Amino acid sequence: MTITPQTCREMDAADPLARSHDAFVLPAGIVYLDGNSLGALPKQAEERVRAVMTQQWGKDLIKSWNVHDWIGAPARIGAKIARLIGAKPSEVVVADSTSLNVFKALHAALCLRPERRVILSDDGNFPTDLYMAQGLTELLGATHRLKIVPPGEIASALTEDVAVLMLTEVDYRTGRLHDMAALTKAAHDKGALSLWDLAHSAGAFPVDLNGCGADFAVGCGYKYLNGGPGAPAFIYVAERWQGSAEQPLFGWMGHDAPFAFDLDYRPRPGIARFLVGTPPMLSLTALEAGLDLFADVELGALRRKSGALGDLFIALVEQELAGSGLALASPRQAAERGSQVSYRHPEGYPIMQALIARGVIGDFRAPDILRFGFAPLYVSFTDIWGAVAQLKAVMAGQEWQKPEFRRRAAVT
Ligand SMILES: *Cc1c(COP(=O)(O)O)cnc(C)c1O
């Protein structure tokens, strides 16, 4: 059956999430398929950040830590994320960056398995996670080592010396989705703990950390959660580890009594010990506005739409762009993908630049990956039609040959 613009309009008409599009600031004439890298701006975020600046910071000054409960923001916002990732509200806190949270969680996991010396990860992991693990092993004096294997070899590499299995659920390049339940169980069967990075999961589809028995998790605030550039990240620690988990960065916000100003560190009970310094209130305010847009979203609907957007994109590329040389780099089955679809092409970088010039924003990941992310809250089925139509024009006109599209910017 041929897909037409009318097919896409009908899919939009039947979409229960279609209304949430209006909650975002999206420039006219732009199809935004990069919410997996930087989520769009929620209209509420603008208003709320302005209110926190003028009403709270501007008028109530330092009293705001108490009267506007700024001090409670990391836990309050963490609890809102908990629902999206299948955690208890008391298991998630918002703090720092994803990179730093990897460091904190990894250290805590290693301390819980002192007799084991291997951090196991795969080569689909995001580099910053691997770098943080490398830095941590150096700091520990080379007592531990990071072992990186291809995704298909994780199960066989799970030996008795593995302390923690550290994986990102969705491969940032291909969108390949790991089986969190099976891999967490495999780790536990060998006595290892699990640390999951949900950077490309949280807000794109429901995650079930508790159901999978996951031990630790981290994730990004600025991707599908729409928290704004450099938004604070989150960290999850399963309740059973919270009493014994050793957070390596002793900051006063993780102290049992920060305003007692004791000279000695004493960790707070619960997830709050994973806080380090003073919460960034303006960034947290924007993140909370983004999260509130999920409040009445049924998470199953999020997953269904995410899969359907990707399926439509793949089907349309097949229908409209046969013979273009674009090779699907993502799993064809929606159940095996996150919320993105990627293609390989040797001219991937200039093709993406030419497409962006036509108002369709995706991104490029070296060496040859064109990435298209589908944020279910604001991407429509008609957007997918528009994106593929523009991609077709770029390929047909060989627009990527133009010199201006071949110059690499600092951020790809
Ligand atoms: C985006 C991303 C990060 C980013 O970490 P920052 O500390 O926020 O820069 C980390 N891990 C994964 C898997 C990511 O996709």
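Observations on the structure shown:
- Search result, residues across the stretch 151-193 that are of a type in the set (Val, Ile, Thr) and either without any contact (Cβ under 8 Å) to a residue 40 or more places away in the chain or buried (at least 16 other Cβ atoms within 10 Å of the Cβ) (or both): Ile154, Val162, Val164, Thr168, Val170, Thr174, Thr184
- Any hit, the stretch 1-12, residues being under 23 Å from the mean Cα position of the chain (by Cα) and crowded, with 17+ Cβ neighbours inside 10 Å: no
- Contact map, the stretch 261-274: residues that are open to solvent by 70 Å² or more (accessible area, probe 1.4 Å) paired with residues that are in a loop (DSSP other than H, G, I, E, B), Cβ distance under 7 Å, separation 6+ or inter-chain. Pairs shown: Arg266/Asp256; Pro269/Gly243.
- Residue list for the stretch 63-96, filter: open to solvent by 50 Å² or more (accessible area, probe 1.4 Å) and within 25 Å of Leu249 (Cβ to Cβ): Trp65, Asp69, Ile71, Ala75, Arg76, Lys80, Lys88, Pro89, Ser90, Asp96
- Selection count, the stretch 131-147, where residues are within 14 Å of the ligand (Cβ to nearest atom) and surrounded by fewer than 19 Cβ atoms within 10 Å (Cβ to Cβ): 2
- Per-region count, the stretch 84-105, residues of a type in the set (Asp, Glu), within 15 Å of the chain's Cα centre (by Cα) and in a helix (DSSP H, G or I): 0
- The number of residues in the stretch 356-369 being in a strand (DSSP E or B) and either of a type in the set (A, V, I, L, M) or open to solvent by less than 40 Å² (accessible area, probe 1.4 Å) (or both) comes to 5.
- With respect to the conditions (1) within 16 Å of the ligand (Cβ to nearest atom); (2) β-branched (Val, Ile, Thr); (3) in a helix (DSSP H, G or I), Val207 falls short on a single one, namely (3).
- Residue satisfying condition, being under 24 Å from Arg273 (Cβ atoms) and either more than 16 Å from the ligand (Cβ to nearest atom) or basic (Lys, Arg) (or both), within set Gly86, Gly58: Gly86
- Selected residue (criterion: least open to solvent (accessible area, probe 1.4 Å)) from residues of the stretch 370-404 that are under 21 Å from Gln340 (Cβ atoms), assigned to a helix (DSSP H, G or I) and among the small types (Gly, Ala, Ser): Ala387
- All positions within the stretch 217-260 that are assigned to a loop (DSSP other than H, G, I, E, B), touching a residue at least 60 places away in the same chain (Cβ under 8 Å) and surrounded by fewer than 18 Cβ atoms within 10 Å (Cβ to Cβ): Pro229, Gly230, Ser244, Glu246, Pro248, Leu249
The values are calculated or read from the model by the stated rules, or taken from the named source; none is laboratory data. Fair warning: this is a prediction, and the values are worked out from it, not measured in the lab. Note that each Cβ is placed from the backbone with ideal geometry, even for glycine, and that neighbours are counted across all protein chains shown. SASA here: full protein model, heavy atoms, side chains in, ligands and nucleic acids out. Shrake-Rupley method; radii C 1.70, N 1.55, O 1.52, S 1.80 Å.
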